[in-house]
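The values are calculated or read from the model by the stated rules, or taken from the named source; none is laboratory data. Source: prediction; values computed, not measured. Only protein heavy atoms, including side chains, enter the accessible area calculation; ligands, DNA and RNA are left aside. Shrake-Rupley method; radii C 1.70, N 1.55, O 1.52, S 1.80 Å.
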Amino acid sequence: EQLLAVEADETGDKVKIILFSTIEISINEVNTYLREQGFSNLMKINKVKSIGEIPLLGTGKTDYKLLKQLASVGVYA
């Protein structure tokens, strides 16, 4: 079970965040959890997208560059 949030788009003062997830989870579940954990209502996930697996680099670390590219071209938007 893996979840990973990545910045998707920054427009002016607003940052939209996509949560890439390997499990099915709703945006309401995610944002409710964040509020319950004490995060401000200003901090929220804008989209949740399920993917088969989190992309990794050869070193085994998360490939954030690829996730940002996928988010920016709208593959998961």
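Under 8 Å for C-alpha pairs, at least 6 residues apart: give me the relative contact order for the chain, rounded to a whole percent.
Working: 106 pairs, mean separation 23.9, N = 77.
Computed value for the chain: 31 percent relative contact order.
Run the count for the range 28-77, please: Lys pairs, Cα-Cα under 19 angstrom, 8 or more apart or on different chains. Please report the intermediate quantities before stating the final value.
On the way: K44/K68; K47/K65; K47/K68; K49/K65; K49/K68.
Here the count comes out as 5.
Calculate for the chain the 222 nm mean residue ellipticity that helices alone would give, adding -39,500 (n - 2.57) per DSSP H run of length 4 or more and normalising by residue count, nearest 500 deg cm²/dmol.
On the way: 2 runs with 19 residues, N = 77.
Computed ellipticity for the chain at 222 nm equals -7000 deg cm²/dmol.
With one equal scatterer per alpha carbon and no solvent term, the Debye-computed log10 I(q)/I(0) for the chain at 0.21, 0.22 1/Å reads -0.98, -1.05. Of the whole protein surface, S40 contributes about 60 Å² of accessible area at a 1.4 Å probe radius. Relative to the dominant Cα principal axis of the chain, helix 27-36 is inclined by about 60°.
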